[in-house]
Amino acid sequence: MSPNSTAVDVAATARVRPARSLRLRLRSRSAVAVLMCLPLLALIGGLVAYPFFYSIYLSMLNKRETAFVGLANFAYLTTRETFWMVVRMSFLFTFLAVFWKAVLGFTLAVVINALPQRGQRVWRGISLIPWVMPLALSSLGWWWIYEPTHSALNWVLVVVGISPKPWLSDPFWAKFSVILVNIWYGTPFFMITYLAGLKSIPVELYESSAIDGASAPQRLRYITLPMLKNIIAVTMLFSTIVTLATFDIIRVLTRGGPRQTTHVFGTYAFELGIATGDVPLGAAVSLFMFPILAVSAFFILRGIRQSTA
Amino acid sequence: MAARGARRGRRTAALLLCYVIIGLFVVFFLFPPYWMALTSFKTNQEIESLEGIPFVIQKGATLRHYQDLFTKTDFLIYFKNSVLVTVPVVVISMVISVLAAYALSRLGFAGAGVIGTAVFLVYLVPDSLLFIPLFKIIGTLGLLNSKWSLVLVYPSLIVPFATWLLIGYFASIPKELDEAALVDGANHLQMLVQIFLPVAVPGLIAATIFAFTVSWSGFLYPLAFTFSSDQQVLTTGTVTSLIKGDVYHWGGLMAGAILACLPPVLLYVFLMDYYISGLTAGSTKA
């Protein structure tokens, strides 16, 4: 600023000063912002992005990690019958579990929502217990439930006159058992999100449809389902990711057995990569999950954007 | 009159049906924890016996399994390790998340949108995708078979969701508040601590519960990164190390599982509304 400033200059600086200080402030603002995001960025970079690319690199090494073998590990896996069993089981597990969690979670949400307001809290609270218990530990409880001679499930079957089942030692029942535990664990999550969705539907819609004489199934078909379409889809996609990535249940209940029939990507990768020490092959198995995760993530993001737009 | 009576009758029947359905769900949901708790109080003799109805205790309850847990196993070490891991994980995760959420929700800057999307995508990355490269990285850092490796890796499972959750809470705070504070000459850190945090307490509680639960329940990472008994946490210790010994180890095993489940379950019971608001934050936004 010139030392011999006139009245005009003073007026001008008075106009300029707020603008400049705002710009300064903005600049310091983004500096502060970047600084505050730095720990987050370091975390994502160091513990998610870098390991991801590192795992691609690892998957292209030989077992002793001394030579680069390109896509040989992936090619080798596709020639193994066990690997295809893992792929089929992963898809079967994910598909059946997500489907039943959605159906049961929706049913429970609708039923709880139909109760008098006061009771809802209690039932909602109780229903969330399976979700709250650490899964590895509740799987341990299920392991005991499935025990064939001294435990609960076969006792009930015998009492009602059905022959006891070898829950975890027969391939079919072992698959059934691990999927059932996942449904037990995940249904509460579906219930709670669908219930929140049901609460967000304006009551007037139901009131006016009642005046028009719509029956309960009609209201479900023409009001509830269309209004919840987005939540139903996003929750199922989200659950697809989490369910495909299952580890705890299968590791605790069957360790992939009997005869590798219940392995999914996560447990098989653990078996190869950590338990038997073939890190590159284990990394390759894990990476097979990635395309499905990426597609699901894409649609989740789109679903969320659509509903906020 | 008759029509109204019929309608009321139909409504009562519908309500009754609702209670029957809920009853079935509650039995399905609560049977495993009930069975676990019941078994933990039964004598070995009774667990082994095939007589009578197994769903009640007939021959007297016992605390022996709990006693043995504390005196004959490493259970207390696992418990201590779980606490030693979870406390720093929660603190570190919350600090990182609060700073990032504040910056992303308030200090509109170039790249904020990209980072926000990246945070959300990272939240979708499951632990079973990256445990093998992380196993190698932890080996390189010399942290293999150390519980501290978990303090390093757990925040990556927590921070993305916690940040995303807090952005939602911060965004609901009126902008006038921070403008007033800025005029008063407060810097961003003061503003965050003195204005945002007090208003966002429900969000902070929800995020803290989430952080605690993830860290306490984690199973894959501790299973992959730690193996000796003195480094194991509750989940892996209970599942892998308590199994040894007795043929009828079920009582002790269930006692361990029940005790290990208690902290997150109690937290849920006392802070249910915060827990649920955190859980549904995603869906109501979706």
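Odds and ends about this structure:
- Helix-derived mean residue ellipticity, 222 nm - over chain A, DSSP H n ≥ 4, -39500 (n - 2.57), to 500: -23500 deg cm²/dmol
- Greater than 23 Å apart at Cα, pairs in B:42/B:72; A:101/A:199; A:101/A:175; A:175/B:147; A:63/B:136: A:175/B:147
- FRET efficiency for the residue A:298 to residue B:26 pair, using the beta carbon distance and R₀ = 30 Å, is estimated at 0.20.
- Kyte-Doolittle mean at least 1.0 and Cα axial length at least 24 Å: DSSP H helices in chain A: A:81-113, A:225-244, A:290-308
- Using distinct alpha-carbon pairs, which all enter the 1/r mean, Kirkwood radius of chain A in Å: 24.0 Å
- Cβ-to-Cβ counts within 10 Å put A:65, A:81, A:271, A:147 in ascending order as A:81, A:65, A:147, A:271, the fewest first.
- Span from the the range A:57-133 Cα centroid across to the the range B:152-185 one, whole angstrom: 31 Å
- Charge tally around residue A:213: other residues with Cβ under 14 Å, Lys/Arg +1 each, Asp/Glu -1 each, net 0.
- Counting only whole DSSP H helices of chain B, the ones at least 30 Å long by C-alpha along their axis and with mean Kyte-Doolittle hydropathy no lower than 0.5 are B:2-41, B:75-106.
- Result for chain B in a Gaussian network model with C-alpha springs under 10 Å: among B:177, B:152, B:220, the largest mean-square fluctuation is at B:177.
- Counted by Cβ distance under 14 Å from residue A:194, the other residues give a net charge of +4, where Lys and Arg count +1 and Asp and Glu count -1.
- Annotation for the range B:1-61: trypsin sites (Lys or Arg not before Pro) lying in DSSP loop with at most 14 further Cβ atoms inside 10 Å of their Cβ are B:59.
- Debye log10 I(q)/I(0) for chain B, one point scatterer per Cα, at q = 0.07, 0.11, 0.13 Å⁻¹: -0.40, -0.83, -1.01
- Residue among A:213, A:285, A:198 farthest towards the positive dipole end of the range A:186-300, charges placed on Cβ: A:285
- Residues with amide H under 5 Å from that of residue A:61, placed H, sequence gap 5 or more: A:69
- For chain A, a crude dipole built from +1 on the beta carbon of Lys and Arg and -1 on the beta carbon of Asp and Glu, taken about the Cα centre, is about 1020 debye to the nearest 20.
- For the range A:190-277, the square roots a ≥ b ≥ c of the C-alpha gyration tensor eigenvalues yield an a/c of 1.5 or more together with a/b exceeding b/c, which makes the shape prolate.
- Neighbour net charge for residue B:231 - beta-carbon separation under 13 angstrom, K R +1, D E -1: 0
- Mean residue ellipticity (222 nm) of chain B, computed from DSSP H runs ≥ 4 via -39,500 (n - 2.57), nearest 500: -23500 deg cm²/dmol
- For the range B:1-80, GluC sites (Glu not before Pro) meeting the loop criterion (DSSP other than H, G, I, E, B) and having at most 11 other Cβ atoms within 10 Å: B:51.
Every read-out reported here was derived from the displayed coordinates using simple, explicitly stated rules and does not represent laboratory data. Here the structure is a predicted model, which means the values were calculated and not measured. Every residue, glycine among them, receives a Cβ derived from its backbone with ideal geometry; neighbour counts consider all protein chains shown.
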